[in-house]
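Novice: My structure is below; once you've seen it, I'll send some questions.
The values are calculated or read from the model by the stated rules, or taken from the named source; none is laboratory data. Here the structure is a predicted model, which is why all the values come from computation and not from measurement. So basically every Cβ, Gly included, is an ideal-geometry build from the backbone, and we count neighbours across all protein chains shown.
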Amino acid sequence: MLRFLVFFLCVFTLFRASSQELPVVRDTIRELDEVIIKAYAYNRQLKEIPASVATVGQQDFQRFNISTLVPAMNTVPGVRLEERSPGSYRVSIRGSTLRSPFGVRNVKVYWNNIPLTDPGGNTYLNQLDPAMLGSLEVLKGPGSSLYGAGTGGVLLLNSPYPERGHALKAGLQVGSFGSEQFSVSYEEGKERSGHQVQVMHQQADGYRKQTRFSRDVINSVFRFETNDNQVLETFIFYSDLFYETPGGLTLNEFTTNPKQARPATATLPGAEEQNAHVSLRSFYVGVSHEYAFNKRLHNQTNVYGNLVNFKNPSIRNYDHRNEQSLGARSVTSFTQNAGNVGITLVGGGEFQYGFLPVKSYENLQGKEGALLLDDETDVLQYSIFGQAELRWKKISATAGLSMNGLRYNFHRLSDAGSAPEQITYDPEFMPRLAFITTPGKNVSIYGSLSRGFSPPTLAEINASNGVFNRDLQPETGTNYELGARSEFFRILKKDITFYYFGLNETIVIRREEDGAEYFVNAGKTKQKGIEFSVNYNPVLAKGRLVNKIVVWSSYAYNHYRFGDYVKGQDDFSGNQLTGTPQHVWSGGVDVASRIGLYVRATVLYTSKLPLTDANTVYAESYTLPGFRLGYDHKRFEVYVGGDNLLDKSYSLGHDLNAAGGRYYNAAPARNFYGGIKVNLAF
């Protein structure tokens, strides 16, 4: 109740302050100044970057329901963000979902250039509220040359920074299935400093049974320029997340009643009976220090610490973890220009250490029973990297190299007399070569060759079947890319990429009859693809009612196949990669008027995809149209919207190779939302 009183107090104050003002319209879909891309330390405009990089900014988030990152992320070709139940994110960049029954794995995630992915290879992306993000960059393909071990891509998440002045902002959104989101923030921007404090609450009853969700987050971002050469930043958040897990359904259960949770069977209880859920509390502190020795030499050093309390009563057992991790990342760059020739040298390293114990108990209807397993694991992961870029006239070439290592110390305390064990993966050298040329003023052509190294995560070595898998080998792969970008008078922008990624020792998931997971190496995969995006923003005559139109579209063609993959007597070589659709398309139109009214219409299409390595079961294709209609004033914004307008039954996140055919996690049916945001600047 308190949050509603605070919100309406802000609204009342707002209208009192602006009652004598005429409406001042903010163009809600105006293109911002050209975005500077931070990926691979280039720090330049996208058209100058020799890499497959996509950005998702505020204009993308504001096309959709603000309670989730899913639809905005899924407009990026090659990216698939799934939500098996509210709060349960899973990210795939070019087919990396194979290793993720849940959570985010094999995708390295950074929060304001500081590692968010823990040393064990897992990322709790769901601990972040969407309101904490100002923008994000998606790096497709292996990023090992600069971002440590991994083959599934990189996400660079960035906080919004306050503008000059003071502002009190608040927002409230409500919607179908009991969804509710509230946020309030105070921002202060000065000449040499900026500070933002956010308090956010989100909750929902959920479309299915056993899908109740709630999240509370307190977030603080502080930036201070001590002098012309030095910047200090701190990033602190506390997140308290709870969500129920309904479990997978068979096709018959999904068709008959998609709202139900996983029912009991002759051998296992159901999700409701076991009170299956996840409770995640985390406290994260990051500090960043930038120092410019002169105009050519620059260093940024970041350190972080993270405490996580994780509880997961599932159908089979009750896992409890108290994880502690810390790390540091330091990058030094040197730039020298002489006439038409420029060179940039980048060098640095990243270090992460984590103590990641887990205790597994019997699950007695959501309470801890008898102890089953008591494991202690500490993880040490490091990366040392260097990169050189040479620029000459209209050509730029980049060469990068990293050395990546990983060590696990494991001890099963619950086995009497057991001795500590160690798994060490020998350091691997991962190169990256790239070039870009600009044959015309508005056209650039780029290409790259990169290697990726991805050792098994802790959750894959010590999976839910309780077996410590010493035989699981790292993935290695080589990625080839060729792409082109064009821009005509900032009206029409196009981007197309062709790539081939060959992966060896591919890690895939297996499930036992009781639902326990384990992982195996599945030989090779061959991943060929095309990614295309276009953005049309015509110049309209002044004085018209409609003063802004943006038409956008993106498409990904994924020709992903298993190479040499034999399991027992079954040969899956040549089969389509499990869990990856062959065609994904999205598009939309944004229209804004001079008086503040706007409408944003979107469509997302996903083709059918295989649910088993044998390709004997497929999920159907689906099309999801949506809209958002609103009025944007200088001081406030009101809006309504809807998703899945065709009321399509589909699963947004399947359980691949699931025992008993329990592949389906039903996504919400047709749903609507509405909200208001206020901005009291002073």
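Novice: Out of His298, His289, which single residue is part of a strand (DSSP E or B), buried (at least 18 other Cβ atoms within 10 Å of the Cβ) and without any contact (Cβ under 8 Å) to a residue 60 or more places away in the chain? Please lay out each step first, then the result.
Specialist: Working: His289 fails: buried (at least 18 other Cβ atoms within 10 Å of the Cβ).
Among His298, His289, only His298 is part of a strand (DSSP E or B), buried (at least 18 other Cβ atoms within 10 Å of the Cβ) and without any contact (Cβ under 8 Å) to a residue 60 or more places away in the chain.
Novice: Then there is this: Name the residue, out of Arg670, Arg594, Arg662, that is under 19 Å from Lys259 (Cα atoms) and surrounded by fewer than 16 Cβ atoms within 10 Å (Cβ to Cβ).
Specialist: Details: Arg594 fails: under 19 Å from Lys259 (Cα atoms); Arg662 fails: surrounded by fewer than 16 Cβ atoms within 10 Å (Cβ to Cβ).
Going through Arg670, Arg594, Arg662 in turn, the sole match is Arg670.
Novice: Under the condition of being at pLDDT 90 or above, of a type outside the set (A, V, I, L, M, F, W, C) and surrounded by 13 or more Cβ atoms within 10 Å (Cβ to Cβ), which residue from segment 422-443 is nearest to Gln381 (Cα to Cα)?
Specialist: Pro431
Novice: When you go through Gly675, Gly579 one by one, which is the residue that is crowded, with 21+ Cβ neighbours inside 10 Å, part of a strand (DSSP E or B) and in contact with a Gly (Cβ under 9 Å, 6 or more places away or on another chain)? Break it down into steps so the answer makes sense when it comes.
Specialist: Values: Gly579 fails: part of a strand (DSSP E or B).
Going through Gly675, Gly579 in turn, the sole match is Gly675.
Novice: Anything in segment 146-203 that is aromatic (Phe, Trp, Tyr) and under 28 Å from Leu81 (Cα atoms)? List them, or say none.
Specialist: Tyr147, Tyr161, Phe177, Phe182
Novice: Of everything in segment 430-489, what is among the β-branched types (Val, Ile, Thr) and farther than 25 Å from Leu373 by Cβ? Give them in sequence order.
Specialist: Going residue by residue through segment 430-489, those that are among the β-branched types (Val, Ile, Thr) are 436-438, 443, 445, 457, 461, 467, 476, 478.
Residues satisfying the conditions are Ile436, Thr437, Thr438, Val443, Ile445, Thr476, Thr478.
Novice: Report every pair of residues separated by at least 6 positions or lying on different chains whose Cβ atoms are under 7 Å apart, first residue within segment 40-52 and within 16 Å of Val443 (Cα to Cα), second assigned to a helix (DSSP H, G or I) and among the aromatic types (Phe, Trp, Tyr).
Specialist: Close Cβ pairs satisfying both conditions: Ala51/Tyr40.
This table checks each residue for (1) part of a loop (DSSP other than H, G, I, E, B); (2) in contact (Cβ under 8 Å) with a residue 60 or more places away in the chain.
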{"position": "Arg600", "(1), (2)": "no, yes"}
{"position": "Asn615", "(1), (2)": "yes, no"}
{"position": "Leu645", "(1), (2)": "yes, no"}
{"position": "Lys648", "(1), (2)": "yes, no"}
{"position": "Leu656", "(1), (2)": "yes, yes"}
